[in-house]
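The values are calculated or read from the model by the stated rules, or taken from the named source; none is laboratory data. Keep in mind that this is a model prediction, so the values were computed, not measured. Every residue, glycine as well, gets a Cβ built from its backbone with ideal geometry; the counts of neighbours run over all protein chains shown.
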Ligand SMILES: [Zn+2]
C-alpha cells in the first residue's frame, strides 16, 4: 500500500467533510445535467460516418451505413432521452433528431419525437414525421403525418421505377449509396414550386410543397403541376449542366426527363393506383414538345435548341442510351462536381454516348447531331 502525497490526502479529507455537510444540511437542488457531451457524442459519430462514407463510398448503401453507428453513440442518445427535460436537453434532443435523419436513423428520430411529445409538444410538431424506404427518406412538415407520407412514398417509388424503366440511371444521390431526401410540407397555397436543394453536404434533397395531404392530385385546383414538378426535380438530381455560372442546357434537361417520365407513366397499363388523380400529361408531354419543336434544328444556343437536341438524341438512340452514357460518365467520375453535385457538359454527353452506343448507324447519328448542334450560329 502506498501513502498518498499530502495535498491529495487533504483533498480527500475535505471531500469527505463536504459530503457530510451536504448530507446533514438541507441539500441544494442538483443543477440540471449538462447534456452537451451526450449530444456531441451522437452528432459527431453521425457526421464522422457520413464524412468517411463520402470520401470512400464503395458499394455501401445507407441501410448498411446506419448500422455502423458506434454503440457508445447510440448509448449516449439513450442517456439523453432519460434526462429530465431542461431547455438544454430539449435543444440537444432536437439537434440529435436532425443528425438521426442525416444517417437515416429514423427509429432514433421517432424515439426523440415521442419523448418530446410528452414534454414539449410544439418541438415535437416542429420536427415533423419521417418515413424511410430503400431508395429515399421522406420528411413531413407542417402537419403531414405518417399516413400522408405513405401516399407520397408510393408516388415516389412509382416515379423512380419509371426512371429505371426508361433511362436506367444507376446513381441517384450525389453521394453514392445515400438515400434521396424529400422534404414535404403542407401549405395553404403553393407559392413556390418544388425545387432541388443541392447545398446539403451528404445527400440530394427535393423540397416539395403539398396542399392536399389525403390524395396526390396534379395539377392542383389552382393549376400547379406537382407531379411533373417531381419528375422534373429528379432530373436535376441526376444531372446539372455546365457549371455554377453557366447553365449549359438552358434548364431543359430536367424538363426533358420530366415530360418523358410523365408521358411514360400516363401510358402505363395497368395505370398505377397512386396516380389516379394525376392528369399532367394533357399539358406536359414529350409528344407535345416534339410537335412544338418539329423542324427546329438542335443546337446549344438557347432552350428550344438544347431541348430539340435532347429530343433528337432520344428519338435516334433511345433514352436507355442516354442513361447508359450518364452511367458511363459516373463510373469514370471525372466530370465536374460542385458541392459533390454532378455537373456534365454536352461534350461529355457526346463522349459518353459514343463510348456506350454499339450500333454503327446510331453512333453516326450521334456524331451528326452534335456536329449540327455545334455549327449553329453563336456556338
Ligand atoms: Zn428546374
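With respect to being under 30 Å from residue 353 (Cα atoms), out of contact with any strand residue (DSSP E or B) (no Cβ under 8 Å at 6 or more places or on another chain) and in contact (Cβ under 8 Å) with a residue 60 or more places away in the chain, residue 151 falls outside the description.
Quick check on residue 252: is it within 14 Å of the ligand (Cβ to nearest atom), within 30 Å of residue 337 (Cα to Cα), free of Cβ contacts under 8 Å to residues at least 60 places away in the same chain and in contact with a helix residue (DSSP H, G or I) (Cβ under 9 Å, 6 or more places away or on another chain)? It is true that residue 252 is within 14 Å of the ligand (Cβ to nearest atom), within 30 Å of residue 337 (Cα to Cα), free of Cβ contacts under 8 Å to residues at least 60 places away in the same chain and in contact with a helix residue (DSSP H, G or I) (Cβ under 9 Å, 6 or more places away or on another chain). For segment 241-249, the count of residues that are crowded, with 21+ Cβ neighbours inside 10 Å and modelled with pLDDT of 95 or more is nonzero. Regarding residue 224, is this residue within 16 Å of the ligand (Cβ to nearest atom), in the same structural domain as residue 330 (by TED's automatic domain parsing) and either in a loop (DSSP other than H, G, I, E, B) or surrounded by fewer than 17 Cβ atoms within 10 Å (Cβ to Cβ) (or both)? Yes. Of the residues 248, 263, 233, the single one that is assigned by TED's automatic domain parsing to the domain that holds residue 208 and farther than 19 Å from residue 157 by Cα is 248. Looking only at segment 255-285, residues that are free of Cβ contacts under 8 Å to residues at least 60 places away in the same chain, part of a loop (DSSP other than H, G, I, E, B) and either touching a helix residue (DSSP H, G or I) at 6+ places or on another chain (Cβ under 6 Å) or under 19 Å from residue 169 (Cα atoms) (or both) come to 2 in all. Residue 239 meets each of the listed conditions (1) touching a strand residue (DSSP E or B) at 6+ places or on another chain (Cβ under 6 Å); (2) more than 12 Å from the ligand (Cβ to nearest atom) apart from (2).
For every residue, the table says whether it meets (1) farther than 30 Å from residue 153 by Cβ; (2) in the same structural domain as residue 157 (by TED's automatic domain parsing); (3) in a loop (DSSP other than H, G, I, E, B).
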{"position": "287", "(1), (2), (3)": "no, yes, no"}
{"position": "290", "(1), (2), (3)": "yes, yes, no"}
{"position": "300", "(1), (2), (3)": "yes, yes, yes"}
{"position": "306", "(1), (2), (3)": "yes, yes, no"}
{"position": "315", "(1), (2), (3)": "yes, yes, no"}
{"position": "323", "(1), (2), (3)": "no, yes, no"}
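Scanning segment 184-212 for residues that are in contact (Cβ under 8 Å) with a residue 24 or more places away in the chain, under 15 Å from residue 225 (Cα atoms) and within 16 Å of the ligand (Cβ to nearest atom) yields 190, 193, 194, 195, 207, 208, 209. Within segment 253-264, the residues that satisfy the criterion of being surrounded by 23 or more Cβ atoms within 10 Å (Cβ to Cβ) and in contact with a strand residue (DSSP E or B) (Cβ under 9 Å, 6 or more places away or on another chain) are 253, 262. The listed residues are 138, 160, and the only one of them that is under 30 Å from residue 122 (Cα atoms) and modelled with pLDDT of 90 or more turns out to be 138.
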